[in-house]
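Undergrad: I'd like to ask you about the structure that follows.
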Amino acid sequence: MGSGSGELHATQTACHPLSRVGSMLYPVCSMSANTTELTSTQREELIATAKRAYEHAYVPYSNFRVGAAILLENGQVFSGCNVENASFGLTNCAERTAIFTAVSALGAKQVRIRAVAVVNDRDVACSPCGACRQVMSEFGASADVFYLGPKGIQHSSMRELLPNCFGSESLA
Ligand SMILES: [Zn+2]
């Protein structure tokens, strides 16, 4: 369970400003992701990408903007925002938007999540909801998750967030 505090690898990031409308299906950047623990640079860049993502949030009802970024094991980064709906129940969270965007762009076989970052524009504690934890688990059962806790960015493993979860092995 890495906290991300051990910066053993000075991994270069190749991120650039978030691509604008029309290019959201492409990864917003790529990082080296084949180490066992994220470097602080990777973590900070993932959080920064999540912050940029909430600029596109569609939140006419709550005005609560959430952004998420996922780092895949292949180093690609995808982002997403929350998209609300007048029916409320059909609202899609930022985490799931990012994951579905990656699946749409790459195909599910390429989507193996190494880490997730989730932030909001109010800087209030906000961990991934149950629905997002289930979807994150599908593509990243061992992912590291960074989100806003009561004292700032908090780290949890996916296994901590969703122990004994339902998975594909249950259907075998
Ligand atoms: Zn959610």
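Undergrad: With +1 on the Cβ of every Lys and Arg and -1 on the Cβ of every Asp and Glu, and nothing else charged, how large is the dipole of region 29-171 about its Cα centre, in debye rounded to the nearest 20?
TA: My answer is approximately 60 debye.
Undergrad: Now, a different point. Is the shape of region 29-171 rounded, prolate or oblate, going by the alpha carbon gyration tensor and its root eigenvalues a ≥ b ≥ c, with a/c under 1.5 for rounded and a/b larger than b/c for prolate? Don't jump to the answer; show the numbers that get you there.
TA: Working: a/c = 1.39, a/b = 1.19, b/c = 1.17.
In terms of gyration-tensor shape, rounded.
Undergrad: If you add up the charges near Gln76, with Lys and Arg at +1 and Asp and Glu at -1, over every other residue whose beta carbon is less than 12 angstrom from its beta carbon, what do you get?
TA: +1
Undergrad: Another question, if that's okay. Out of all Cα-Cα pairs in region 111-172, roughly what percent, to the nearest whole number, are more than 16 Å apart? Write down the numbers at each step before the final one.
TA: Working: 811 of 1891 pairs.
So the portion of pairs separated by more than 16 Å is 43 percent.
Every number in this text was worked out from the coordinates using simple rules, so none of it is lab data. Computed from a predicted model, the values in this text were never measured in an experiment. A quick note on method: Cβ atoms are made from the backbone with ideal geometry, for glycine too, and the neighbour counts reach across all protein chains shown.
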